[in-house]
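*Asks:* Here it is, the structure, as structure tokens.
Readers should treat all values here as calculations from the given coordinates under stated rules, not as data from a laboratory. As the structure is a prediction and not an experimental result, all values here were calculated from the model. Note that we place each Cβ from the backbone using ideal geometry, even for glycine, and neighbour counts take in every protein chain shown.
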Amino acid sequence: MTINLEDVKAELDEIDQNLISSFNILSGVDSEKYSGCINLAEIGIEICGKPAILTVGFPKNFPNEIPKFYDSNNLFGDIPHKLANGFLCFTRNESLLIDERYPASILLNCLEKVIKLIEDGVKGENKEDYVKEFEVYWPSILTIYAHIDTTVLTVRELNLWNMKVDKKHLLVAAEKVGLLDDTINNIFGLDVGKATKYRCIYLPLNEGAFILPPVNKKWSFADLKGNIFSNLSEESKKEFNRIVNRPVKGVHPIFEYVIVGLANSNGSVSLFGCGIDGNIINLKSLKKKGKVKKQIHPFVIKPKEANLYPATIKRWHPEYIINRTGGNRNLKDKHILIAGLGSVGSEVAMRFAKAGVKKLTLVDFDYMAFENVHRHALGIDQVFLATDEIFLERPKVWGLKAEINRKYPFTEVEVHLKSIFTIMDEVNISKNDIDLIVIAIGSPNSEMRINKKLLGLPDPPPTIYTWVEPLGIGGHTLVTLNGEKEGCYQCLFKTNEELPIYNRSAFAQPGQDFSKSITGCGSVFTPYNFLDSERSAMLTVETGIKVLIGKLNGNPLLSWKGEDSLFKEYGYKTTIRYTFSSEALNERKYSYKRNDCSVCSNEGVDMHRQ
Ligand SMILES: [Zn+2]
């Protein structure tokens, strides 16, 4: 449906409003200037008490799409949120609820915001927005994909590579830290060994620096240099000089690049970049006979004019991407050890990597097999390590390392194709080095041994045990060693001489055999659906993050309850604990602890020793 502007005009006349004093429908739309609009009108309004004219562009889908406003006659000069073509950027579509029955009301709602924006601009009240939105105004001939830690405020050199891909220039910049070559190849398909390298200097401006972006007029070389150097501290200028006076190696002199950081009052940093024509001059050398070539930075040589190639900066530093996309920045220095990388453990590992932890240590001696594929974080491409020269079954920990490196390259992954017991003998486990341990082995006997061993250490990290129950009836996550000793894996088991040992947290009654009847004698795994392991993994990661950021009290036993229809169908029986509601289970999350526990309770230990 395309709306008739005459109808809008008629509606405006009918309703009681005093924002629009005149409404003139224009004929013919310059589709370049008013992109996306099919109708135009000039409206009479008031700005700071004075009459003014705005151009309104109506998109094809108006009123489902909001109108666009232009200061076509440049009545208001350079104000924030106004682009070179006069377009006034007053909102994002998605933040406005639209009632399509009243097109004129939509126009008026938007106009109110536009008038506020213009008046703030004219009075100079939103000057700061220029800095906040600097990147919007910065013209862009190039795009530089930059790995810059903007929390580091020193002037420094970055690596910058250029590669021509499909007739376009791919520019990738990165901090000179660590080995990023593989990551760059993985993300951009760029082989840094084959790319052309240029000098690139990152210049973070002084806190509180204010620069007017180039709204209507391009910056000259003098503008660029002046705006940068008038906002650099003496120390930064010295550092810049140190960098440009260093002999250059392996960089092409034809272009120089600078990336500038402009801090906003809200703590974020706007970035803009520029390529500049480079300079080579011949110097007389006393040592070597004849002349040597020297690459002089254009900011040093003071050319009257040099060509500028403004560049948009797209960031890929983890400090930025994790912050921006919901990952938790408090996790960036955390190290987690995960033992058992089966269906639950593999999902736990992938999710902690997604959360942006610093390091994962993965411990498991098992190999991928085809029957794992549909209940594991790894897929069929990770069953074998297969190339022209090699063909072998892939250990689960190798596959996960490859998968995490590919998807979340900023999380370091250390792998051990060993049993956790070997690791506990070889490595000094302490919370000075490891922030959290997750045990997802799913074997009560192993977990009891691990629990006992960890509780005997001088400084054990918080440790979470996680496992699932058969046929979708539920799963459990037990936190231990989270700031206190009381409450441990052993507490779940009652040693009663009349009964065989069983897990008191269980939803399935003890003494039932789940492996044989469903999978036959050949298999030993407990059957469950992949969603069950993912649910347990999610509960574990959520709980683990709370432990890591200090938002979890003590050592709770957390359980999720699934439905029991399939379970019952096979004739199995649930425990009384399964009949508790989720709320009741949550209320009792600390009541599994036992005063007479042989591992975590002083009383229990004493009794044991006597
Ligand atoms: Zn205990």
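*Asks:* In a shell of Cβ-Cβ distance under 13 Å around Ala402, excluding Ala402 itself, what net charge do Lys and Arg (+1) and Asp and Glu (-1) give?
*Replies:* Net charge around Ala402: +2.
*Asks:* Can you pull out the trypsin sites (Lys or Arg not before Pro) in region 1-95 that DSSP calls coil and that have at most 10 other Cβ atoms within 10 Å?
*Replies:* The qualifying sites are Arg92.
*Asks:* I've got another one for you. Out of Val248, Ser346, Ala377, whose Cα points farthest toward the positive end of the dipole of the chain (charges: +1 Lys, Arg; -1 Asp, Glu; placed on Cβ)?
*Replies:* Working it through, the farthest residue towards the positive pole turns out to be Val248.
*Asks:* Quick one: of Lys127/Lys407; Lys194/Lys418; Lys354/Lys418, which pairs are farther than 28 Å apart, Cα to Cα?
*Replies:* Lys127/Lys407; Lys194/Lys418
*Asks:* Under 5 Å between amide H atoms, partner at least 5 residues away or on a different chain: which partners does Thr361 have, H built in plane at 1.01 Å?
*Replies:* Result for Thr361 returns Ile336, Leu337, Ile338, Glu414.
*Asks:* Once phi is turned into ³J(HN,Hα) by the Karplus curve 6.51 cos²θ - 1.76 cosθ + 1.60 with θ = phi - 60°, what whole-Hz value does each residue of region 416-423 show in order, with x for glycine and proline?
*Replies:* For region 416-423, the Karplus curve yields 9, 8, 8, 7, 4, 5, 5, 4 Hz.
*Asks:* Which entries in the list Lys168/Lys197; Lys197/Lys293; Lys334/Lys561; Lys168/Lys217 go over 23 Å, if you measure between the two C-alpha atoms of each?
*Replies:* Flagged as over cut-off: Lys334/Lys561; Lys168/Lys217.
*Asks:* Whole-Hz ³J(HN,Hα) for each residue in region 202-207, computed from phi via Karplus 6.51 cos²θ - 1.76 cosθ + 1.60 with θ = phi - 60°, x for glycine and proline: what do you get?
*Replies:* In residue order, the calculated couplings are 8, 10, x, 6, 4, 4 Hz.
*Asks:* Can you give me the long-range amide H partners of Lys418? Hydrogens built in the peptide plane at 1.01 Å from N, cutoff under 5 Å, separation of 5 or more residues or another chain.
*Replies:* Under 5 Å from the amide H of Lys418: Asp364, Phe365.
*Asks:* Using a cut-off of 9 Å between beta-carbons, work out the net charge of the residues near Arg156 (Lys and Arg +1, Asp and Glu -1, Arg156 not included).
*Replies:* Numbers: positive: Lys176; negative: Glu157, Glu175, Glu239.
Local net charge: -2.
*Asks:* Sort Asp459, Asp78 so that the residue with the fewest other Cβ atoms within 10 Å of its own Cβ comes first and the one with the most comes last.
*Replies:* Values: Asp459 11, Asp78 16.
Fewest-to-most Cβ neighbours within 10 Å comes out as Asp459, Asp78.
*Asks:* List the lysines whose alpha-carbon lies under 21 Å from that of Lys9, not counting same-chain residues fewer than 8 positions away?
*Replies:* Here the lysines satisfying the reach criterion relative to Lys9 are Lys60, Lys68, Lys113.
*Asks:* Could you tell me which of the pairs Lys50/Lys116; Lys164/Lys359; Lys237/Lys294 are separated by over 23 angstrom between their Cα atoms in the structure shown?
*Replies:* Lys164/Lys359
*Asks:* So what's the net charge close to Glu534: Lys and Arg +1, Asp and Glu -1, counting the other residues with Cβ under 10 Å from its Cβ?
*Replies:* Taking every other residue near Glu534 into account, the sum is +1.
*Asks:* Now for a separate question. For region 304-317, in order, what is each residue's ³J(HN,Hα) by Karplus, 6.51 cos²θ - 1.76 cosθ + 1.60 with θ = phi - 60°, in whole Hz (x at glycine and Pro)?
*Replies:* Karplus-based 3J(HN,Hα) across region 304-317 equals 4, 8, 9, 5, 10, 10, x, 10, 6, 9, 10, 9, 9, 6 Hz.
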